[in-house]
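*Asks:* Sending over a structure as structure tokens; questions will come in a sec.
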Amino acid sequence: MTQPLEPRQLRPAQAADRAIVAAQLGRPPRAMHAVAHRCDCGLPDVVRTEPRLADGTPFPTLYYLTCPRAAAAASRLEAAGVMRQMTERLATDVDLRAAYLAAHTSYLRERDALGDLSSEASAGGMPERVKCLHALVAHSLAVGPGINPFGDEALAAIPPWWEDGPCVAGASEMNGQAHAGTRRVGGRD
């Protein structure tokens, strides 16, 4: 996986991006601000959301994993007990705990730049435990390796979900509209 292009310049979500994400989720996306990462097939697989829903309800999940294949792979890791093992390591590994706290702090800083929630809640259980690998994988894909240690570990354990092509039928037509003129945020080597 490569580092995100610096500085990261997220473009606002286009109508075609929203249509693809709606097809991936099986519902319209909520509070979608931008595409934070595109899969190697070119489709969005992580979106960046606003810190509040349209009705003002707080929505602390800044990065949301949208690709159903990537989400299913994260779910399989969760079912295998990976979150419990990661949380146990936090209790004994000082360096890991410090890196996870730094990821949490970075996440809050980035989210609060969009709109302050006056909350220390971030995503995935940060900084005290691991409770959602989907959120941690989304964070790692969006910001690149070396920021979220557990997101990086989970991502490394997930098989390449993009190898079978687009996860959404008919997405190549929608993707051509959404992807034209956009800059790739991250990728895999």
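Coordinate-derived values only; no laboratory data. Remember, it's a predicted structure, so these values are computed and weren't measured experimentally. In this analysis, Cβ positions are derived from the backbone assuming ideal geometry, glycine residues included, and neighbour counts consider all displayed protein chains.
*Asks:* What is the fewest-to-most order of 139, 104, 33 by other Cβ atoms lying within 10 Å of their Cβ?
*Replies:* Placing the least packed residue first, the sequence is 33, 104, 139.
*Asks:* Amide H of residue 45: which non-local residues (sequence gap of 5 or more, or other chain) have their own amide H closer than 5 Å, using H built in the peptide plane?
*Replies:* The answer is 37, 38, 39.
*Asks:* Additional query: Going by average Cβ density within 10 Å per residue, which order do the peptides 26-32, 14-20 take, highest to lowest?
*Replies:* Taking the mean over residues of other Cβ atoms within 10 Å, the ranking is 14-20, 26-32.
*Asks:* Moving on. For segment 15-179, what does the alpha-carbon gyration tensor say about shape, rounded, prolate or oblate, given a ≥ b ≥ c as the root eigenvalues, a/c under 1.5 as rounded, and a/b over b/c as prolate?
*Replies:* Oblate shape, in that a/c is at least 1.5 and b/c is the bigger or equal ratio.
*Asks:* R0 = 25 Å: FRET efficiency of residue 105 with residue 40, Cβ-based, nearest 0.05?
*Replies:* Result of the calculation: an efficiency of 0.25.
*Asks:* Please give the contour-minus-distance gain from residue 98 to residue 112: 0.36 nm per residue of separation, less the Cα-Cα distance, rounded to one decimal in nm.
*Replies:* Fully extending the segment from residue 98 to residue 112 adds 3.0 nm.
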